[in-house]
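Some notes on the structure that comes next.
The values are calculated or read from the model by the stated rules, or taken from the named source; none is laboratory data. Remember, it's a predicted structure, so these values are computed and weren't measured experimentally. No Cβ is skipped: glycine too gets one built from the backbone with ideal geometry, and neighbour counts run over all protein chains shown. The protein model used for the area step is the full one, side chains on, heavy atoms only, and it has no ligands, DNA or RNA in it. Shrake-Rupley method; radii C 1.70, N 1.55, O 1.52, S 1.80 Å.
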Amino acid sequence: MTWDMFISEELKKPYFQDLVDFLKEEDKHHVVLPPKEKRLSCFKLTPYEDVKVVIIGQDPYHNINQAHGLAFSVENEDFPPSLKNIFKELVAEFNIAYPKTGNLTKWARQGVLLLNTVLTVRLHEPLSHQKKGWEKFTLEVVKKINEKNEMVIFILWGNHAKSFMQYIDTKKHKVITSVHPSPLSASRGFFGSKPFSKTNDFLVEQGLKPIDWDLS
């Protein structure tokens, strides 16, 4: 199984054809983020057979030069509030320097699938591409990962991400949950939840290589 094979199968389904048609019209009349060539970056950078960890986000950042196809990741040095809080927790867990980059490609290349449930957005219009078909697609992604025989660690931050728990076989896979890292909730249980070190502990228990989370 490869992501290309999976996406090819989804493309044949009516819901995905409707989504493709919707995006064609959106691209004609609006600035849609991320750019076309980066919308499926998470699958290109983290092949199906390499998925060890899944971090689920909601929809892409909606400002220019931010979203590039990986949940929570930005291409520029303007870190959004949730990413700042993720980095604060990361620094506290491992006593490492604060990241110099908001680009999480290094994580993706190590088997961390950074999956938004909606993969596109209009410029400056958060959640503008909700309920157009992406949610159906990304749910199928989660179900496909759940079929893997190898243990996968799902990191679910906030109620939106936690809604995927019902599709995860917790006898086979590990789930790490907390409140969302946004400023509205981070101090109510995200800080101190240690998702990154817990992930590495689970990987080591399975005889797998831990993730090098350091972006400094």
Practice problem: Determine which aspartates and glutamates satisfy two conditions relative to K44: a Cα distance under 13 Å, and not lying fewer than 8 residues away in the same chain. | Solution: D4
Self-check item: 1.4 Å probe accessible area per residue over segment 140-186, in Å²
Solution: 47
Quiz item: Going by the alpha-carbon gyration tensor, a ≥ b ≥ c the square roots of its eigenvalues, is segment 128-172 rounded (a/c under 1.5) or, if a/c is not under 1.5, prolate (a/b greater than b/c) versus oblate?
Solution: oblate
Exercise. Write down Rg/Rh for segment 36-108, rounded to two decimals, with Rg from the C-alpha atoms and Rh from the Kirkwood relation over Cα pairs.
Key: 0.96
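At a 1.4 Å probe, what is the % contribution of carbon and sulfur to the accessible area of the chain?
C and S atoms contribute 51 percent here.
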Quiz item: Can you list the aspartates and glutamates whose alpha carbon is less than 15 Å from that of K143, not counting same-chain residues fewer than 8 positions off?
Solution: E9, E10, E49, E135, D169
Quiz item: Sorted by mean Cβ packing within 10 Å, highest first, what order do the peptides 183-194, 119-130 take?
Solution: 119-130, 183-194
Quiz item: Rounded to the nearest 20 Debye, what is the dipole magnitude of segment 53-196 about its Cα centre when Lys and Arg each give +1 and Asp and Glu each give -1 at the C-beta?
Solution: 340
Quiz prompt | Sequence ranges 155-162, 44-51, ranked by mean other-Cβ count within 10 angstrom, highest first | solution = 155-162, 44-51
Exercise. Project the alpha carbons of segment 88-197 onto their principal axes and report the range along each, largest first, in whole Å.
Key: 40, 39, 29
Quiz item: Is segment 1-84 best put as rounded, prolate or oblate by its Cα gyration tensor, with a ≥ b ≥ c the root eigenvalues, rounded for a/c under 1.5, and otherwise prolate when a/b is larger than b/c, oblate when not?
Solution: oblate
Quiz prompt | Long pairs among K100/K148; K36/K209; K106/K172; K144/K171; K36/K131, criterion Cα-Cα beyond 23 Å | solution = K100/K148; K36/K209; K106/K172
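When the helix-only estimate is applied to the chain (DSSP H runs of n ≥ 4, each -39,500 (n - 2.57), divided by the residue count), what is the mean residue ellipticity at 222 nm, nearest 500 deg cm²/dmol?
The helix-only estimate for the chain comes to -10500 deg cm²/dmol at 222 nm.
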